[in-house]
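Notes follow the structure.
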There are 2 protein chains.
Amino acid sequence: MGSIAPHVAELDGSNFNITRSTNLRDVPLPGSAEELSHSHCTDHMVTVRWTAAKGWETPEVKPYQNLSIPPTASVLHYATECFEGMKVYRGYDGKLRLFRPDCNGERLNNSSQRSSLPGFKYDELKKLVAKLLQIDGPRWLPNPGSFLYIRPTVIGNGPHLGVQVPKEALLFIIAVPWPDFTKMPKDPQQAPKKGLKLFASSPDTIRAWPGGFGYAKLGANYGPSLQAHGQAQAKGFDQILWLFGQDRQVTEAGASNFFIVWHNADNGKLELVTAPLDNQLILPGVTRRSVLELVRERLSKGPVGQLAPLEAVERTLTIGDIEKASKEGRIVESFVSGTAYFITPVAMIRNENTDISTLGVNDEPAGYATLIKSWLEAIMFGKEEHDWAYTIEEEKQ
Amino acid sequence: MGSIAPHVAELDGSNFNITRSTNLRDVPLPGSAEELSHSHCTDHMVTVRWTAAKGWETPEVKPYQNLSIPPTASVLHYATECFEGMKVYRGYDGKLRLFRPDCNGERLNNSSQRSSLPGFKYDELKKLVAKLLQIDGPRWLPNPGSFLYIRPTVIGNGPHLGVQVPKEALLFIIAVPWPDFTKMPKDPQQAPKKGLKLFASSPDTIRAWPGGFGYAKLGANYGPSLQAHGQAQAKGFDQILWLFGQDRQVTEAGASNFFIVWHNADNGKLELVTAPLDNQLILPGVTRRSVLELVRERLSKGPVGQLAPLEAVERTLTIGDIEKASKEGRIVESFVSGTAYFITPVAMIRNENTDISTLGVNDEPAGYATLIKSWLEAIMFGKEEHDWAYTIEEEKQ
């Protein structure tokens, strides 16, 4: 059943078979077409084979290459697949860091078992990621203040076409230069963008359901949602805001979690609200969790600069609540969080035929997103020593 | 958006680039371990590449081989994948036939677009399948009364890791010898099995939901369901019976559609009942549709042999309805239908702690499943001329 059986080998991230690339790839320039393609990976990849009979084999580091997959493989037919999104950061002190990698390890282990793929000890994942970056970090991520995107993935790659729990699997990790949208050159013809435009999903398109798998990072949550995503993009929107249920609960935005800062309708208190995890509809984002923890630690007790204190609340909110708050002038700011989008303000939501502004006073975000983002960046890029950062020792060039 | 754009090439199943295998594979013996592995395909496969820029390329027939897939491919991360299950039958007259292949073509086209993969003219699919069997049929399916399983699949195999509508895709078709469970040698130590044992899903595991994609044959419907399937098999059951909603509606069984023959609780009429398609929860099975059409044509007006006339009804039924009917002795028979399981009686359902017998009088199925199966087999194997059969002209050996 994909869980850890005592008689088979466990995943061990401390021992590797390494094959060096002898044909190093070009490192794409920031903002180049190659980088924008999200397809140009670093020189190496990590792979770890698993079989039901023997468990996890010795991890391999090898030259980045296509995978050879049987046409009958489970992953191609039955979506036995799950992944993580992480980044590795080049600090201003020259060190490489991961951000809370054990959170990703834990979630990938959960997602893998939810897909009937093998489980593993969650804290091994960061060792596998670190090994890849020890080798590729020096050449691919030389500049302080920049990052690479890391994609650990587990797939059912055995050759058995019958509908069944996979007997073979492959964990692989790749690293890819990713455009930093916050640093892209602005188009001088266009007004500066104050935030994302979200398109609220219609009742006939539902991302996840109680008893389903919306809480796990399975491929099955993504492919079926691309149709609505593509339609929203064609209309000029950035992401879908996924609603659920007859009361049109706000769950998550595209592949990110959704936050709103507003004055509570009942008592006027300033709150940061995001959807709760308990009904298992939404992905428990690592950035989501970090935002909540930072706000509770640093913003709940008193003001920070110009910004008033804020209470972080995980509570069901509906699109009707947001529309009402917008009309009543109670919205202060809203943003999404995630590894790919990081912390990005939201300017508006279109729900059916209504456009709802989610900016604050004078149509500007108040600055909470900017503040929280700066706190996170300080940890990621080593301006602040913090136990959420995991430092990678690299090979000398 | 995956739909057919006028300026790009459409799928054309009348023109092929053919590369013959020079290293023919062993044909597994019926009942052999190789056949039971569901992984030993025929000598060739069909592939058709698609790009957003140019549309469908010329179909290729080539030696069966592993696919070379970029580690960044959409199908490995976002489950951009869908498939069909079909069979090709060697008739008693020596001819090869497909069964209603345009129904599969239509469904694959729908599934592909639901996954944001490209659409195509549905009636081209059968030409692609036929070409593969023209070449591999003589050697791989020589014996009248036998079949091969055919798996057409569409995947997003482009190298772009960003979450987006795929810009590249591959349609491939493979053929694999599949065990015929109705012909497997019986274990003399075991009592003969009267039918499948189904395990009703618990409220915390849902296969599909309104606004989701249960009606399309996407990989995303399968992987997340394997966990419950594996747990049910470990308890000695054959398949999950997927229930939905607070009223515990019976939707479908594993990867097959569920039917029950009973006396209606209100008027005592003999009915064949299966779940309706209108809420888009269940897969619109080709065998399901054929069962309903045959019963309406041949069993609704008068008795056939010993069997009383039967009205076919598509209507929501709950597990409570079945339990009540079982207690009141109103169940006559029940069965599942699908390409893999064909028509197979169901002996019982376990719902929570209750075992419900779904056999009829004297704990035997009444014989409707056997009769309907014989009608379908007559069409598939050419004992009866019928426009549901599509004959393939093979190459001379």
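A compact table of results
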item	result
For the protein assembly as shown, size of Cβ-based charge dipole, Lys and Arg +1, Asp and Glu -1, in debye	560
Accessible-area composition of the protein assembly as shown, carbon plus sulfur, in percent [1.4 Å probe]	49
The stretch B:347-356 - phi-based ³J(HN,Hα) in whole Hz, Karplus 6.51/-1.76/1.60, Gly and Pro as x	8, 7, 10, 9, 10, 6, 9, 10, 9, 10
Per-residue SASA entry for residue A:213, accessible area with 1.4 Å probe, Å² rounded to 10	10
Surface accessible to a 1.4 Å probe, residue A:297 within the full protein complex, Å²	110
Label geometry 7 Å along the beta-carbon vector: residue A:65 inter-copy distances in nm	1.5
Links that overshoot a 26 Å alpha carbon limit, given the list A:301/A:373; B:131/B:373; B:235/B:327; B:87/B:121; A:121/A:396	B:131/B:373; A:121/A:396
The stretch A:196-381: antiparallel DSSP beta bridges as a percent of all, rounded to 5	70
Cβ-derived FRET efficiency at R0 30 Å, residue A:66 paired with residue B:8, nearest 0.05	0.75
Mean shadow area of the stretch A:195-278 over all directions, Cα convex hull, nm²	6.6
Net charge dipole size for the stretch B:1-137 [Lys, Arg +1 and Asp, Glu -1 on Cβ; Debye, nearest 20]	180
Fraction in percent of alpha-carbon pairs per bin - 20 Å, chain A	26, 57, 17, 0
Lys/Arg +1, Asp/Glu -1 at C-beta; the protein assembly as shown dipole; positive extreme among B:165, B:28, B:312	B:28
Charge dipole magnitude, Cβ of K and R +1, D and E -1 - the stretch A:263-310, Cα centre, debye nearest 20	160
Among beta bridges that DSSP assigns inside chain B, antiparallel share in %, nearest 5	80
Set of aspartates and glutamates near residue A:54 by C-alpha distance (under 19 Å), chain-local residues within fewer than 8 positions excluded	A:10, A:12, A:124, A:168
Share of alpha-carbon pairs per 20 Å distance bin for the protein assembly as shown, given as whole %	15, 46, 31, 8, 0
Selection from B:143, A:249, A:122 lying farthest towards where the dipole of the protein assembly as shown points positive, charges on Cβ	B:143
Per-copy distances of the residue B:313 label point, shortest first, in nm (7 angstrom along Cα→Cβ)	4.9
Segment residue B:51-residue B:354, extension gain: residue separation times 0.36 nm, minus the distance between their alpha carbons	103.8 nm
For chain A, built as a Gaussian network whose Cα springs stay under 10 Å, the top-fluctuating residue of A:358, A:339, A:316	A:316
Chain lengthening between residue B:314 and residue B:384 when straightened (0.36 nm per residue, less Cα-Cα)	22.5 nm
Percent of beta bridges antiparallel (DSSP, the protein assembly as shown, rounded to nearest 5)	80
Across the identical copies, how the residue A:24 labels are spaced - nm, sorted shortest first, 7 Å along Cα→Cβ	5.2
Distance between the stretch B:78-98 and the stretch B:127-183 - C-alpha centres, whole angstrom	8
Calculated FRET value between residue A:396 and residue B:296, using beta carbons and R₀ = 56 Å, to 0.05	0.15
Convex hull (Cα only) mean projected area of the stretch A:282-352, reported in nm² to one decimal	6.0
Largest-first principal axis extents of the Cα set of the stretch A:196-381 (Å)	44, 36, 29
Radius 14 Å from Cβ of residue A:67, net charge of other residues (Lys, Arg +1; Asp, Glu -1)	0
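The values are calculated or read from the model by the stated rules, or taken from the named source; none is laboratory data. The structure displayed is predicted, hence computed values, not measured ones. Positions of Cβ are backbone-derived with ideal geometry, glycine not excepted, and every protein chain shown enters the neighbour counts. SASA here: full protein model, heavy atoms, side chains in, ligands and nucleic acids out. Shrake-Rupley method; radii C 1.70, N 1.55, O 1.52, S 1.80 Å.
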